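Heads up, the thing below is written out as structure tokens.
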Amino acid sequence: MYKAISRRFRPRTFSEVTGQEACVTTLKHALQQKKVAHAYLFSGIRGTGKTTLARILAKALNCDAPKEGFDPCDECPSCQEIAKGQSLNVIEIDGASNRGIEDIRALNETLSYATSEKKFKIFIIDEVHMLTKEAFNALLKPLEEPPSHVKFFFATTELDKVLPTILSRCQRFQLTRIPRAKIMQKLRKVASELSVEIDDASLSFLAKVSEGSLRDAETLFDQIHNVEGPITLPLLLDILGYPAKDDFFALDDAYHTNDLGFAFTLTQKILNSSKNQQLFLESLLEHYRTIALLFFKKDYALNLTPEEEEGYQKALSIYTKEEVLFLLDSLPKILFPPLKPKLLSLHMEMLLLHIIQSKNRLRIDQIIHRLETLQKELPLEKLAPTIAPPKEILLEKVSIATPKEAPSIENQVVPPPSAPLATPAAPSKAKSAVELETLLRFAQVELNGTLTRSK
């Protein structure tokens, strides 16, 4: 029977754990000094080793012949039974399926039962945050004062949903995201044992998209490792449904030439190639994030291929820093609202149009610079008579008039005051004044009223 790579290569001892050195060191010191607490809670994102560490610690506590450094031997009957899930002393409970108060009461009834051969009785509750409030409350007393032979190991991906009264009774370990280099190292080892030929660019991509989850990376590797021949990055992207970088570099060119029609061309290409549209949108956001990192000279292990390096260097000459920051600010606002699958294609086209059209966007600093230039050339106080006051101001003046002056303004049209006739030399000045007034009002809206005219 085939066993998934994530299960086949799951760590069996502390020395095999990847990327959680601080947690492993603390646990081994507790074993060495015989100061293992009665309750531990392991939290972190998926696939970082929470349940694995709980099992290894259970093995180490009940191992018949621990190795140097208090690693479990993984060979004695106790270790073998725990690894197979057949140990009577180590009971694993799925918090999502056994979340009620009756399940915890049944657990409490077994606490007083003695174990065989003076071993510890260990309860591992996975996804403990799924327990109901009543179940948590039923667990409080035994968790605070358990029998000396009982240990509780909890694992959760949502620490904020665990009651504070439970947290205060546990030693907590926050498992970190596994670094890309560590994930690549583990995948390279797996590939070697399976005799799979895969290049570093593909390993780097798997490590990046797994977002710090080793299990996610191993699952993706499991999906592609049976392909005949060597695994290259283009082949990997095609199998997993990710878009190629060339599509994004072509979008950069369309942005440079203001080619709006490319938005529809690229959308149809993605649809016809059966690529995952959601992955395309996520990769698009990552594309502009990469450009921003290069602008700020922040190389967070981008691991670009020579072809990608060339494409991004060209992108740096196409975009300005302000344009990229604008896209990074606006794109998530468009991407985050949930959409129906039928609207996803239209959403993609509008998004691509938004990117290309943003090149002609007038930035706030450009508006302010233009205003300051016009104000220097054409002071407002000298041309105030030529500018008609806004309609709102006229209505305000009428509304505060006395009854004798204005008995009622209902159903009345307030005519704007007649502007003085301009002299033959004034039209250009009047046009500039109107343009300045329009820019001022626009800038006041854009800046939420923070821009005022100089007096």
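No value in this document is a laboratory result; all are computed from the given coordinates. Bear in mind that the values here come from a model prediction, so they are computed numbers and not experimental data. As a convention, Cβ positions derive from the backbone with ideal geometry for all residues, glycine included, and neighbour counts pool all protein chains shown.
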*Considering only lysines 8 or more places apart in sequence, or on different chains, count the pairs in region 5-174 whose C-alpha atoms sit under 15 Å apart.*
19
*Around residue 122, which amide H atoms from residues at least 5 apart in sequence, or from another chain, sit under 5 Å from its own amide H, with H modelled in the peptide plane?*
90, 91, 151
*Please work out, to two decimal places, the log10 of the ratio I(q)/I(0) at q = 0.18 Å⁻¹ from a Debye calculation in which every Cα of region 180-240 carries one identical scatterer.*
-0.51
*asked:* How charged is the neighbourhood of residue 85? Take every other residue with its Cβ under 11 Å from the Cβ of residue 85, and add Lys/Arg as +1 and Asp/Glu as -1.
replied: 0
*Between residue 293 and residue 141, with labels modelled 7 Å along Cα→Cβ, what's the label distance in nm to one decimal, could you check?*
5.4
*Given region 5-174 reduced to its alpha-carbon atoms as identical point scatterers, what log10 I(q)/I(0) does the Debye formula return at q = 0.09, 0.12, 0.18 Å⁻¹?*
-0.28, -0.50, -1.20
*Give the peptides 253-260, 238-245 in descending order of average Cβ contacts within 10 Å, highest first.*
238-245, 253-260
*What does the highest-first list of 57-68, 109-120 look like by mean Cβ count within 10 Å?*
57-68, 109-120
*Reach of residue 359 by Cα under 16 Å, taken over aspartates and glutamates that are not fewer than 8 positions away in the same chain*: 252, 253, 259, 322, 323, 329
*asked:* Run the numbers for residue 134 and residue 286: contour at 0.36 nm per residue of separation, minus the present Cα-Cα distance, in nm.
replied: 50.4 nm
*If you plug each phi of region 201-216 into the Karplus form 6.51 cos²θ - 1.76 cosθ + 1.60 with θ = phi - 60°, what whole-Hz ³J(HN,Hα) values come out, in order, with x for Gly and Pro?*
4, 5, 4, 5, 5, 4, 5, 6, 6, 6, 6, x, 9, 5, 5, 4
*Starting from the Cα of residue 334, step 7 Å along the direction of its Cβ; do the same at residue 322; then give the gap between the two resulting points in nm.*
2.0
*With Cβ to Cβ distances under 12 Å as the rule, what net charge do the other residues near residue 313 carry (K, R +1; D, E -1)?*
-4
*Counting Lys +1, Arg +1, Asp -1, Glu -1, what net charge surrounds residue 26 among other residues with beta carbon under 15 Å of its beta carbon?*
+3
_Sort 99-105, 44-50, 228-234 by the packing proxy (mean of other Cβ within 10 Å over each peptide's residues), most packed first._
44-50, 99-105, 228-234
